[in-house]
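Chemist: What follows is a structure written as C-alpha cells; I'll ask about it next.
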C-alpha cells in the first residue's frame, strides 16, 4: 500500500506541472466526458443547456428590472424632484402654502457637492378647454343632425423660471420648442404632453383657453410652444410646464394692491378705497398715517394730489412688532384737476345713478369725471404685487441616486420645523414619500428577481448534480484504478469537480453570449414593447451594469461548484476491488 502511494505521488509530480495533476487529468479527459457514452452524453448536454438557460434568464431579468427601476425613477424624478422643500403642515406639493423665495439655507445647500440642482417651482390646477368639434349623426327618422361638442381636461401647471433644468424635457421633446420664460412674449407659453394635445386636438403654436379657480374663476389664454412624450402616461396626462410668474400671479401669493374710485358717492364725496388681493384675508391699510383697518375714505378733490396706499396683512392684531405674513404692496392714485379746483364735486351720473366716466386708455386705469365747473382726471397705478417673492417650494436633485438618503437626512436637519428669518416653518419631503406607491412597487420587483435567480440557479444545480453523479457512476472503473494507484478520495473528487467546472463554464459562456445578445438587441432596437398605461413605459428597458454582470457570473459558478461537493461524496463509497471487478 505504501509503495502504491509513493508510486502515485511520483507519477503525479511528473504530470501535474503548476496546476496539479487533477487539473491535468481533468483537461485530458474532458472531451471524452462531453462526448461520452450514450447514457452520459445527453445528460451532460442537458446540464450545459440548463446552466446556459439559467445565465440567460438571470442576466436578462437583472438587466430588465434594473433598467425598469432606473427608467421609472428617472422619469418620476424628471416630473418632480428627488427632494422638495415646502411649507410644513401640508400633505401635497401641488396645493401647499407658498414660502418666501429668498431663504438663507439655500446658500448652505448649494455648498453640498452631492446636490446637483436647486430650483424654485409652483403649481396651479387648471382646466383646459378643447376646440369645438362638430359631430354629425343620423336621427331615427333618417335625418342627419350636427352637434357641437367641447371637452374640458383637468391638469396641473408646473411653473418654472429661467434657471430651470430642461434636460429631461429636452430628451423627450416630440414637437416644437421649450417655452419662452424671458417675459417678452405677448401670450404666455406652455409645454404640454402628446396625451393632452391628442385628447384636446391641439398642435404646436395653437392658442389654448384655460380656466383657473380663484375667488372668481379666471379665464386665460396660452400658446402651445412644444409637445413632449415620456411614455409615463399617468404623469403625461397630468403635467403642463409654464412660466412661474404666471403661476405666482394666479395663486394670489403675497399681496396685490390697487386703489379704486367707487361708482357711487356719499354726501357729495367720492369714495376712495383699497382693493386688495392675496394674503390671508386680514388686510391692513396705510394711507399715509400708518397702518389701520380702514379700507378707504371719502374725498372731494380740490387740488392736484397723489394718494399712496401700502397694503399688507396680519394674523390677529395691528401691533408694530408683529411680522408681516405677506410682503406688502404699494399702489398709487394720481388726481389732476382742470377748471375751478375749489368748485363743488357735482359729478355727472348716468341713468343708473352711477358716476359717468370717460375712459382715457384701453385698460380703464385712466378716466375723467365731469363736474359743472371742473374736470377731474384720475390715473391709477396698481401695485406690481409681491407674488414674485413667493414660490410653492424648492426642488432638489442629487448627483447620484445612492446619495439620496444622505442628502435627505442632512437637508431635514437644516430645514425641518426650524423657524426661518420670516417665521416660516418648512419641511423636506423625499420622492420616496411623494410617490410612495410607485416605489413600493419598484422595491417589490427585487423580491421577484431574487425568486427567479434562486429558481434558475437551483435548476442548474440539480441538472449539474445529476450529470456529475452519472459521470461518477459510469467511470467507476477509472475511480477504482486511481484509488488502486494510491490517489486519495479528495484528489479524485477534485478531478470530477474540475470537469464539472469546465461544463458549467461552457454553459455560462453560451448563456452570456445569448443573454448579452438579447439585451443589446432590445437596448438598441426596442423590439419588445409595453403598455404604458400599465407599466409606465412604452418598451422594455435594459440597464447593463458590469458589476451586476460580474457578480452574477461569479455567484453562479461559486454556488454551483459548492453545491456539487455534496454529490461528489459518492466517490468515497466506491471500492477499488469491486469497481475494477465490475468492469
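Chemist: State yes or no: is residue 139 crowded, with 20+ Cβ neighbours inside 10 Å and either modelled with pLDDT under 80 or not assigned by TED's automatic domain parsing to the domain that holds residue 417 (or both)? Talk me through it step by step, then tell me what you get.
Modeler: Working: crowded, with 20+ Cβ neighbours inside 10 Å: no; either modelled with pLDDT under 80 or not assigned by TED's automatic domain parsing to the domain that holds residue 417 (or both): yes.
Criteria not met by residue 139.
Chemist: Within the group 235, 212, which residue is under 23 Å from residue 382 (Cβ atoms), at pLDDT below 90 and touching a strand residue (DSSP E or B) at 6+ places or on another chain (Cβ under 9 Å)?
Modeler: Answer to the check: 212.
Chemist: How many of the residues in segment 217-275 are surrounded by fewer than 20 Cβ atoms within 10 Å (Cβ to Cβ), assigned to a strand (DSSP E or B), touching a residue at least 24 places away in the same chain (Cβ under 8 Å) and in the same structural domain as residue 121 (by TED's automatic domain parsing)?
Modeler: Number satisfying all stated conditions: 4.
Chemist: Evaluate the following for residue 49: is it in a helix (DSSP H, G or I), over 22 Å from the mean Cα position of the chain (by Cα), surrounded by fewer than 19 Cβ atoms within 10 Å (Cβ to Cβ) and in contact (Cβ under 8 Å) with a residue 24 or more places away in the chain?
Modeler: Judged against the criteria, residue 49 is a match.
Chemist: Still on this structure: Please specify each residue of segment 540-550 satisfying the condition of being in contact with a helix residue (DSSP H, G or I) (Cβ under 9 Å, 6 or more places away or on another chain) and over 11 Å from residue 67 (Cα atoms). Break it down into steps so the answer makes sense when it comes.
Modeler: Quick first cut of segment 540-550, residues in contact with a helix residue (DSSP H, G or I) (Cβ under 9 Å, 6 or more places away or on another chain) only: 540-545, 548-549.
Hits for segment 540-550 are 548, 549.
Chemist: Another one. Could you look through segment 423-438, keep only residues that are within 17 Å of the chain's Cα centre (by Cα) and not in a strand (DSSP E or B), and pick out the one that is surrounded by the fewest Cβ atoms within 10 Å (Cβ to Cβ)? Show your work before the answer.
Modeler: Going residue by residue through segment 423-438, those that are within 17 Å of the chain's Cα centre (by Cα) are 428-438.
Next cut, not in a strand (DSSP E or B) only: 431-438.
Working: 431: 24, 432: 18, 433: 12, 434: 19, 435: 19, 436: 11, 437: 7, 438: 17.
That would be 437.
Chemist: Is there a residue in segment 403-422 that is in contact (Cβ under 8 Å) with a residue 60 or more places away in the chain, crowded, with 18+ Cβ neighbours inside 10 Å and not in a helix (DSSP H, G or I)?
Modeler: no
Chemist: Go through (1) more than 58 Å from the chain's Cα centre (by Cα); (2) at pLDDT 75 or above for residue 504 and report which single condition fails.
Modeler: Here residue 504 clears every test but (1).
Chemist: Looking at (1) part of a loop (DSSP other than H, G, I, E, B); (2) assigned by TED's automatic domain parsing to the domain that holds residue 307, which one does residue 202 not meet, given that it meets all the others?
Modeler: Failed condition: (2).
Chemist: I would also like to ask the following. Tell me which residues, restricted to segment 91-123, are at pLDDT 85 or above, outside any helix (DSSP H, G or I) and out of contact with any helix residue (DSSP H, G or I) (no Cβ under 9 Å at 6 or more places or on another chain).
Modeler: Matches in segment 91-123: 99, 104, 111, 113, 116, 117, 119.
Chemist: Would you mind telling me which numbered condition in (1) crowded, with 18+ Cβ neighbours inside 10 Å; (2) not in a strand (DSSP E or B); (3) not assigned by TED's automatic domain parsing to the domain that holds residue 176 residue 284 fails?
Modeler: (2)
The values are calculated or read from the model by the stated rules, or taken from the named source; none is laboratory data. Since this is a predicted model, take the numbers as computed values, not measurements. Because the Cβ atoms are built from the backbone with ideal geometry, glycine has one as well, and the counts that use them run over all protein chains shown.
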